[in-house]
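Here is the structure we will look at, set down as structure tokens.
The values are calculated or read from the model by the stated rules, or taken from the named source; none is laboratory data. Being a predicted model, the structure only gives us computed values, none of them experimental. Here Cβ is always computed from backbone atoms with ideal geometry, including for glycine, and neighbour counts include all displayed protein chains. Each accessible area value is taken on the protein alone, full model and side chains, heavy atoms only, with ligands, DNA and RNA left out. Shrake-Rupley method; radii C 1.70, N 1.55, O 1.52, S 1.80 Å.
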Amino acid sequence: MTCLERDRPSMIYLHGFASSPASAKAQYLGDRLRESGITVAIPDLNQDDFSHLTLTRQLQQVQEILATASSSVTLIGSSFGGLTAAWLAEQAPTVDRLVLLAPAFQFLDHWLPRLGADQVAHWQTTGYLQVYHYTAQAHLPLHYGFITDAQTYDETNLKRSLPTLILHGRSDEVIPISASRAYAADRPWVSLVELEDDHSLGKVQPQLWQAIQQFCGISEP
């Protein structure tokens, strides 16, 4: 099965943590997909309540969209949206293909040490941490439930075999490329493409689109 099922396939783009549908990648790839005649949804995973964001809430939100799909769906997920996409693919049989952009595998293992034990303890005690939201361009409070919820998801349980393309920058300091390498190592259905960029993948947008076109069999408009 290809991404071009029934000529106008359904695709869903999932933006990253503390981002939005207005992000550069979401806008760029959304435009390219629409120009190619592909229907794409880009939900706002903030839901007007970034403070109580959790992985579970994101999964529930997108599952509602998937429930309305009349055919198979390709998910494109960036960073935390990539992790969300991977879990959705595990749970929803309508997902038939994944494109993951610097997916946030092992993100607690990378993020919490950078915060430091004292700041994490303060977050747990007070209930909230001020996090910079890139679209709002301001620090917003994030509830500690984001952490306790994420801790209930064991990535070793991501075992569904379906075509998966990972695009990850070698200079990523947020989610090191080693996380994607480890994920792909024992999953033969995963293809990993390493790019010369950081977590934003802002310098390689044309390369992202070219790789997605090839992976999904998308012709030029």
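Taking every alpha-carbon pair in the range 1-129 and binning the separations at 10 Å intervals from zero gives 12, 41, 31, 12, 4, 0 percent. Each Lys and Arg Cβ is given +1 and each Asp and Glu Cβ -1; about its Cα centre, the range 127-221 then shows a dipole of about 200 debye. Rolling a 1.4 Å probe over the protein heavy atoms gives the range 138-221 an accessible area of 51 Å² per residue. About its Cα centre, the dipole of the range 11-92 is roughly 180 debye, where the only charges are +1 on Lys and Arg Cβ and -1 on Asp and Glu Cβ. Taking the average, over residues, of other Cβ atoms within 10 Å as the packing measure, peptides 211-219, 127-135 rank 211-219, 127-135 from highest down. Picking from Ser72, Ile147, Ala102, whose Cα lies most toward the positive end of the charge dipole for the chain (charges on Cβ: Lys, Arg +1; Asp, Glu -1)? About the Cα centre, the residue reaching furthest to the positive side is Ser72. Descending by average beta-carbon neighbour count within 10 Å, the peptides 155-164, 109-118 line up as 155-164, 109-118, the highest first.
Label sites at Arg170 and Tyr153, each approximated as a point 7 angstrom past Cα along Cα to Cβ, lie 2.9 nm apart.
For the chain, with all protein chains in place and a probe radius of 1.4 Å, 50% of the accessible heavy-atom surface sits on carbon or sulfur. Based on protein heavy atoms only, the range 1-116 ends up with 37 Å² per residue of surface accessible to a 1.4 Å probe. Evaluating 6.51 cos²θ - 1.76 cosθ + 1.60 at θ = phi - 60° for every residue in the range 40-50, the Karplus couplings come out as 10, 9, 10, x, 8, 6, 6, 6, 6, 7, 4 Hz, glycine and proline recorded as x.
According to the Cα-based calculation, Rg over Rh for the chain is 0.95, with Rh computed by the Kirkwood formula. So if we plug the beta-carbon distance of Gln91 and Asp44 into 1/(1 + (r/R0)^6) with R0 = 30 Å, what FRET efficiency do we get, rounded to 0.05? After rounding to 0.05, the efficiency reads 0.90. Look at where the Cα atoms of the range 142-164 and of the range 184-221 average out, and the two centres are 22 Å apart.
Dipole check for the chain: with +1 at the C-beta of Lys and Arg, -1 at the C-beta of Asp and Glu, and the Cα centre as origin, the magnitude is about 300 Debye. The angle between the Cα long axis of helix 117-126 and the longest principal axis of the Cα atoms of the chain comes to about 80 degrees, rounded to the nearest 10. In this entry, the range 53-158 is assigned a mean projected area of 7.3 nm², taken as a quarter of its C-alpha convex hull surface.
Helix 24-35 and the longest principal axis of the C-alpha atoms of the chain enclose an angle of approximately 20°.
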